[in-house]
Amino acid sequence: MVHSDWGDWLPTAVESATPAGVAVWYLGCNGFVLKGEGGTTLFVDPYLGTGDPPRTIRMIPVPFDPRDVQEADAVLATHEHTDHVHGPSQAPILAETGAAFYAPDDSLAVARGEEAWDDRYAVSTDQYEEVAEGDAFEVGEFTVHVEPAHDPDATHPVSYVFEHDAGTIFHGGDTKPSEEFERLGREYDIDLGILAFGSVGAIPDKQTREPKRTRWYNDENQVVRAASDLRFDRFLPSHWDMWKGLTADPKALHHHVRSFEFPQRLELAEIGDRVDVTGE
């Protein structure tokens, strides 16, 4: 059961919004909501859990109860890790709204196998949609392209490119720089790009619980390299706020991006914040 620190104001704000283009809310961790001007609403990697203390300790509020979400057309997962595929966070959204769940094979294996969303949360089998690199599909007013990601800690990660009449949004999951990104930067005109950013910290090992030097997300130089290769107009760093020992200061990225042609602008958001893509 998820217990929200903020009540239902955030899902209510999403449902009542009438964006001119696409509104994007940052849910903390690597979670986002995209809502188009026609009302299509997409959730990407929403995670409302508290981690596995004392190994992984959530440092930010739980922004909503998934049962308070009444409008969603799709939930998308970038890879199989717990903070990207999580039954208590995502399955109630699917059960309440009838939204489709788009995810690569190993992510679906967690949802349908290890976590048994079908049985525990009354998720229907026809709500699952397997995706792979090279796929493209329509969800309402969005065209979604499934592209490669480079996350050595995941078994099958993907990134998503969301095309809308108002602009194009990239979500890389927990990807590090990839040889594919220069190609993607040429193929897509990315108005807003999202990449995971964090520090290196001593995190208890999963088996031994002894502190272990851990790098799960891009450091300053890695994340700017990826953003530059992808030719972002606006770059929104994510995940920097989440885990004790791996948090970082995204304001420091101003020093790293300013000599590069891309990204053209650093877009900083805290949990609950909204940014807009309007095509202007």
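So what is the relative contact order of the stretch 109-240, in percent, for Cα pairs below 8 Å that sit 6 or more residues apart? Don't jump to the answer; show the numbers that get you there.
On the way: 235 pairs, mean separation 24.0, N = 132.
Contact order relative to length: 18 percent.
Give me the one-decimal nm value for the distance between modelled label points at residue 205 and residue 132, 7 Å along each residue's Cα-to-Cβ direction.
Spacing of the two 7 Å Cα→Cβ label points: 3.6 nm.
Taking the simple approach of a point 7 Å from Cα along Cα-to-Cβ for both residue 125 and residue 274, what is their distance in nm?
Computed distance between label sites residue 125 and residue 274 equals 4.0 nm.
Run the helix sum for the chain: -39,500 (n - 2.57) per DSSP H stretch of 4+ residues, divided by residue count, reported at 222 nm to the nearest 500 deg cm²/dmol. Intermediate results must be reported in sequence, preceding the final value.
Values: 7 runs with 50 residues, N = 280.
Dividing the helical sum by the residues of the chain leaves -4500 deg cm²/dmol.
Of 11, 152, 61, which is the most mobile in a GNM of the chain whose springs link Cα atoms less than 10 angstrom apart?
152
According to the square roots a ≥ b ≥ c of the eigenvalues of the Cα gyration tensor, what is the shape class of the stretch 45-105, taking rounded for a/c under 1.5, prolate for a/b larger than b/c otherwise, and oblate for the remainder?
Values: a/c = 2.77, a/b = 1.42, b/c = 1.96.
Because a/c hits 1.5 or more and a/b fails to exceed b/c, the stretch 45-105 counts as oblate.
For the stretch 146-162, take each phi angle, set θ = phi - 60°, evaluate the Karplus expression 6.51 cos²θ - 1.76 cosθ + 1.60, and give the result in whole Hz per residue in order, putting x for glycine and proline.
9, 10, x, 9, 10, 10, x, 7, 9, 8, 8, x, 9, 10, 10, 10, 9
Quick one: 3J(HN,Hα) in Hz for the stretch 207-223, Karplus 6.51/-1.76/1.60 with θ = phi - 60°, rounded, Gly and Pro as x.
Ordered by residue, 3J(HN,Hα) equals 8, 8, 6, 7, x, 9, 4, 10, 10, 9, 10, 4, 7, 4, 6, 5, 5 Hz.
Taking the Cα centre of the chain as the origin, how large is its charge dipole in debye, to the nearest 20, when only Lys and Arg (+1) and Asp and Glu (-1) carry charge on their Cβ atoms? If you can, show how the numbers build up before the last one.
Details: 22 positive and 52 negative charges, 261 e Å.
For the chain, the charge dipole is close to 1260 debye.
Classify the stretch 1-113 from the C-alpha gyration tensor, please: rounded if a/c falls under 1.5, else prolate or oblate depending on whether a/b exceeds b/c.
Details: a/c = 1.79, a/b = 1.27, b/c = 1.41.
Here the stretch 1-113 falls in the oblate category.
What does the extension gain come out to for residue 1 and residue 106, with contour length at 0.36 nm per residue minus their alpha carbon separation? Spell out each step's value before the answer.
Working: separation 105, 0.36 × 105 = 37.80 nm, distance 2.41 nm.
Using 0.36 nm per residue and subtracting the Cα-Cα distance, I get 35.4 nm.
Computed from these coordinates, which is semi-axes √(5λ) of the Cα gyration tensor in Å: (1) 39, 19, 17; (2) 25, 24, 18; (3) 37, 24, 17?
(2)
State the Cα centre-to-centre distance between the stretch 204-242 and the stretch 1-17 in whole Å.
Distance between centres, Cα-based: 27 Å.
At R0 = 25 Å, how high is the FRET efficiency between residue 71 and residue 264 if r is their beta carbon distance? Nearest 0.05 is fine.
0.15
Just 202, 77, 91 to compare: in a GNM of the chain, with alpha carbon springs under 10 Å, which one fluctuates most?
Ranking 202, 77, 91 by mean-square fluctuation puts 202 first.
Select from 236, 253, 27 the residue whose mean-square fluctuation is largest in a Gaussian network model of the chain (Cα-Cα springs shorter than 10 Å).
Judging by the Gaussian network model, the answer is 253.
For the stretch 1-128, calculate the relative contact order in percent as a whole number, restricting contacts to Cα pairs under 8 Å that are 6 or more residues apart.
Numbers: 245 pairs, mean separation 28.3, N = 128.
Across the stretch 1-128, relative contact order equals 22 percent.
Please rank 16, 107, fewest neighbouring Cβ atoms within 10 Å first, as an exposure proxy. Before the final figure, lay out the partial values.
Numbers: 16 7, 107 27.
Ranked by crowding around the Cβ, least crowded first: 16, 107.
Kindly identify the stretch 232-280 as rounded, prolate or oblate by the Cα gyration tensor criterion: order the square roots of the eigenvalues as a ≥ b ≥ c, call it rounded if a/c is under 1.5, otherwise compare a/b with b/c, prolate if a/b is larger, else oblate.
Details: a/c = 3.16, a/b = 1.29, b/c = 2.46.
Here the stretch 232-280 falls in the oblate category.
Give me the percent relative contact order of the chain, please, defined on Cα pairs under 8 angstrom at least 6 residues apart.
Details: 684 pairs, mean separation 51.6, N = 280.
Answer for the chain is 18 percent.
Coordinate-derived values only; no laboratory data. Everything numeric in this text was worked out from a predicted model, so none of it was measured. Methodologically, a virtual Cβ is constructed for each residue, glycine included, from the backbone with ideal geometry; neighbour enumeration extends over all protein chains shown.
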